[in-house]
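Here's the structure we're looking at; comments come further down.
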Amino acid sequence: MKRLLPSGLIFAGVLGIAAAGAQPDQDITKHRKKFDLREAILRKFLRDKHCPDQEYAEQFIAEADKHGLDWRLLPSLAMVESGGGKTAKGNNLFGWANGKIAFNSISEAIHTVAVALGHGRAYRGKDLDGKLATFNHGTDYSAMVRAIMNQISPRVQVETAD
């Protein structure tokens with residue numbers, strides 16, 4: 001019996017592989033997450049600037065995509081407002097509500113600001129310059145944010161790779 005167990009396991013393993021290969025309609029690559037080059041670019045930028053918010057690169061991009069924002073906008077606002085989290089109080093990376101609001105987490109702050117910029121009454125239907133002018137009325141504010149956006153990546157569209 002001891003001889004049958006090892007050979008039986010090997011045989012069962014071969015049958016399992018053959019059975020898995022027998023289903024041509026099942027493509028395991030459909031479930032593989034594509035590598036998003038934007039995340040690597042953003043993470044490197046934030047790391048090079050020694051920003052505490054670098055671990056949120058994926059969330060910055062996901063929230064921007066979900067709410068129709070340029071993927072570079074949220075981290076650029078965080079850079080201008082809090083040095084990428086260096087001077088953030090109460091997890092408020094963005095100086096939201098003149099810095100008077102504290103968030104339970106940085107994730108909550110990113111989500112809240114993304115929703116507001118994408119769908120809030122004050123921002124709805126505005127282009128990037130309109131959103132920035134509403135976010136902060138300073139005359140140089142838009143130029144500062146845009147300069148950081150260009151430092152992150154000079155192009156809005158960055159291709160994904162497999």
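This ranking places Phe103, Phe35 by how few other beta-carbon atoms lie within 10 Å of each, fewest first, which gives Phe35, Phe103. Among the trypsin sites (Lys or Arg not before Pro) found in region 112-156, those both in a DSSP coil and sparsely packed, with 16 or fewer other Cβ atoms within 10 Å of their Cβ, are Arg121, Arg124, Lys126, Arg155. Residues Val145, Val115, ranked from the fewest to the most other C-beta atoms within 10 Å, line up as Val115, Val145. Taking one equal scatterer on every alpha-carbon of region 46-88, how large is log10 of I(q)/I(0) by Debye at q = 0.14, 0.19 1/Å? Normalising to I(0) and taking log10 leaves -0.28, -0.50. For region 37-152, taking the reciprocal of the average inverse distance between every pair of different Cα atoms yields a Kirkwood hydrodynamic radius of 13.8 Å.
No lab work stands behind these numbers, since they all come straight from the coordinates. This is a predicted model, so every value here is computed, not measured. In this analysis, Cβ positions are derived from the backbone assuming ideal geometry, glycine residues included, and neighbour counts consider all displayed protein chains.
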